[in-house]
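Enquirer: Below are the structure tokens for one structure; questions will follow.
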Amino acid sequence: MTDSAAPAVLEVEDLRTYIATDAGVVRAVDGVSFTVGEREILGLVGESGCGKSVTCRTIAGLMPSPPARSTGSVRLAGYGERNLLDLSTSELQRLRGEHLSMVFQDPMSALNPVMRVGAQIEEAVAAHEKLSGRARRTRAIELMERVGIPVPERRMRDYPHQFSGGMRQRVLIAMAIAGRPKLLLADEPTTALDVLIQDQILSLLLELQRDFGMSMILVSHDLGVIGEMCDRVAVMYAGEIVELSDTATLLGGPRHPYTISLLRSLPDVTSQSRYLRSIGGAPPALVDLPGGCRFAPRCPLALDRCREWDTELLEAGAGGHTARCWRHEETRREDAWPEPSYESA
Ligand SMILES: Nc1ncnc2c1ncn2[C@@H]1O[C@H](COP(=O)(O)OP(=O)(O)OP(=O)(O)O)[C@@H](O)[C@H]1O
Ligand SMILES: [Mg+2]
């Protein structure tokens, strides 16, 4: 079932990815469910280490297994009723590119440093279309033009280190769209870039998403970026989704104390409300997680029961707005929040 108006392109149900490490089993993604509608951009936000990348990599079949093990289901429109978690390596290779593609944070490490850029794009083209050498080259040039790389005929012969960070990201985007995927997973595609370049890359992604009618998951730390780009947003905390809604509601009327704290800690918020404080403490280690709500140890609103029992996502408003908090109805009331203690802030 989809919780957005558009039919779902991606349906993720109770997804768990546990990773075996020397320190124990890391519950990197721990029971996550969401959908992405046709032509929809879903934002994924949350502090470092909360499981955003592992969620994307699991969907794309890119988690090393072992040590990672995933359960739950990931279904893609046009891919029958099959659970993507059950696909073989060769099936996954075909899936990637044609049905979904991924753009990563660090374009340099995703490119082959000793292979000419043109050859790498041609390789991405060849993975999806049987073309003659000449046609493949033409298609690679078209793709480079499409993503805004000037003088592609010449730049094809360069190596990745001869490209700037932004141009390298354009190369990766060209490779990602070579098979015209229905779903693009963009994991912090601009974090490593200068601010000015970030805007250009985001505009390019938005333009391609609209032109090709793609659906997208956009991972970002930047709530400003999320606000501009995304239709809906999922907020993750310690491997779980703690709040999910359309973007305007999430930014304008958040209900989970973590989302509220995240928004109130933005530097450009000028209001002097009680909410205004940085979130103290750190997220729990994802090994040996305590019972109860995972945010409770840092939550100014936590009650005893929050430390004992967790809740599922509860309906918090119209249009599929859900929050994983017993007290979601009270969180909007300023007097529900304790007076800030400035010593500990
Ligand atoms: N290959 C791996 N082996 C062991 N642990 C891993 C591996 N990949 C991720 N993890 C752990 O899984 C958890 C989730 O990591 P993930 O990379 O998804 O976080 P993230 O939300 O993307 O963070 P960031 O914002 O820093 O990119 C972290 O605790 C991380 O240390
Ligand atoms: Mg990440």
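The values are calculated or read from the model by the stated rules, or taken from the named source; none is laboratory data. These figures come from a predicted structure and were not determined experimentally. Glycine gets a Cβ as well: all are built from the backbone with ideal geometry, and neighbour counts include every protein chain shown.
Yes or no, residue by residue, for (1) at pLDDT 95 or above; (2) at positive phi:
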{"residue": "145", "(1), (2)": "yes, no"}
{"residue": "148", "(1), (2)": "yes, yes"}
{"residue": "152", "(1), (2)": "yes, no"}
{"residue": "158", "(1), (2)": "yes, no"}
{"residue": "162", "(1), (2)": "yes, no"}
{"residue": "172", "(1), (2)": "yes, no"}
{"residue": "175", "(1), (2)": "yes, no"}
{"residue": "180", "(1), (2)": "no, yes"}
{"residue": "186", "(1), (2)": "yes, no"}
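Enquirer: Within region 239-258, take every residue that is more than 15 Å from residue 317 (Cα to Cα) and in the same structural domain as residue 310 (by TED's automatic domain parsing) and give me the one that is nearest to the chain's Cα centre (by Cα).
Expert: Filtering region 239-258 for residues more than 15 Å from residue 317 (Cα to Cα) gives 239-241, 257-258.
Filter again for in the same structural domain as residue 310 (by TED's automatic domain parsing), leaving 257-258.
Values: 257: 21, 258: 18 Å.
Looking at the filtered set, the residue picked out is 258.
Enquirer: Additional query: Could you tell me which numbered condition residue 109 fails, if it satisfies all but one of (1) assigned to a strand (DSSP E or B); (2) more than 27 Å from residue 9 (Cα to Cα); (3) not β-branched (Val, Ile, Thr)?
Expert: The one condition residue 109 does not meet is (1).
Enquirer: Further question on the same structure: Which count do you get for residues in region 51-75 that are more than 16 Å from ligand 2 (Cβ to nearest atom) and part of a strand (DSSP E or B)? Walk me through how you get there before you give the answer.
Expert: From region 51-75, those more than 16 Å from ligand 2 (Cβ to nearest atom) are 61, 65-67, 69-75; that's our starting set.
The next check asks that each one be part of a strand (DSSP E or B); those that pass are 69-75.
Looking only at that region, the number is 7.
Enquirer: Quick one: in region 178-200, of everything that is over 16 Å from the mean Cα position of the chain (by Cα), surrounded by fewer than 23 Cβ atoms within 10 Å (Cβ to Cβ) and among the hydrophobic types (A, V, I, L, M, F, W, C), which residue is farthest from ligand 1 (Cβ to nearest atom)?
Expert: For region 178-200, the residue satisfying everything is 196.
Enquirer: State all residues of region 282-337 that are under 22 Å from residue 247 (Cβ atoms) and of a type in the set (D, E, K, R); if no residue qualifies, say none.
Expert: Within region 282-337, the subset under 22 Å from residue 247 (Cβ atoms) is 295, 313-325, 328-329, 331-332.
315, 324, 329, 332, listed by residue number.
Enquirer: Just to be sure before I move on: is residue 21 farther than 19 Å from residue 176 by Cβ, of a type in the set (Ser, Thr, Tyr) and either out of contact with any helix residue (DSSP H, G or I) (no Cβ under 6 Å at 6 or more places or on another chain) or within 10 Å of ligand 1 (Cβ to nearest atom) (or both) in the structure I sent?
Expert: On the way: farther than 19 Å from residue 176 by Cβ: yes; of a type in the set (Ser, Thr, Tyr): yes; either out of contact with any helix residue (DSSP H, G or I) (no Cβ under 6 Å at 6 or more places or on another chain) or within 10 Å of ligand 1 (Cβ to nearest atom) (or both): yes.
So residue 21 fits the description; yes.
Enquirer: Moving on. Please go through region 234-268 and give me each residue that is surrounded by 23 or more Cβ atoms within 10 Å (Cβ to Cβ), outside any helix (DSSP H, G or I), away from ligand 2 (no atom under 16 Å from the Cβ) and aliphatic (A, V, I, L, M), ordered by number.
Expert: 242, 244
Enquirer: Being loosely packed, with under 15 Cβ neighbours inside 10 Å and within 16 Å of ligand 2 (Cβ to nearest atom) narrows it down to one of 48, 90, so name that one. So that I can check it myself, show each step before the final result.
Expert: Numbers: 90 fails: within 16 Å of ligand 2 (Cβ to nearest atom).
48 is the lone residue from the list that is loosely packed, with under 15 Cβ neighbours inside 10 Å and within 16 Å of ligand 2 (Cβ to nearest atom).
Enquirer: Here is a follow-up. Being at pLDDT 95 or above, surrounded by fewer than 18 Cβ atoms within 10 Å (Cβ to Cβ) and more than 10 Å from ligand 1 (Cβ to nearest atom) is the filter here; which residues of region 51-71 pass it?
Expert: 69, 71
Enquirer: Just checking, which of 15, 10, 42 is part of a strand (DSSP E or B), crowded, with 18+ Cβ neighbours inside 10 Å and more than 16 Å from ligand 1 (Cβ to nearest atom)?
Expert: Numbers: 15 fails: more than 16 Å from ligand 1 (Cβ to nearest atom); 42 fails: more than 16 Å from ligand 1 (Cβ to nearest atom).
Every option except 10 fails the conditions.
Enquirer: State whether the residues of region 136-143 include one that is in the same structural domain as residue 168 (by TED's automatic domain parsing), assigned to a strand (DSSP E or B), closer than 25 Å to residue 192 by Cβ and in contact with a helix residue (DSSP H, G or I) (Cβ under 7 Å, 6 or more places away or on another chain). Let's see the steps before the verdict.
Expert: Just the residues of region 136-143 that are in the same structural domain as residue 168 (by TED's automatic domain parsing), to begin with: 136-143.
Keeping just the survivors that are assigned to a strand (DSSP E or B) gives none.
No: region 136-143 contains no residue that is in the same structural domain as residue 168 (by TED's automatic domain parsing), assigned to a strand (DSSP E or B), closer than 25 Å to residue 192 by Cβ and in contact with a helix residue (DSSP H, G or I) (Cβ under 7 Å, 6 or more places away or on another chain).
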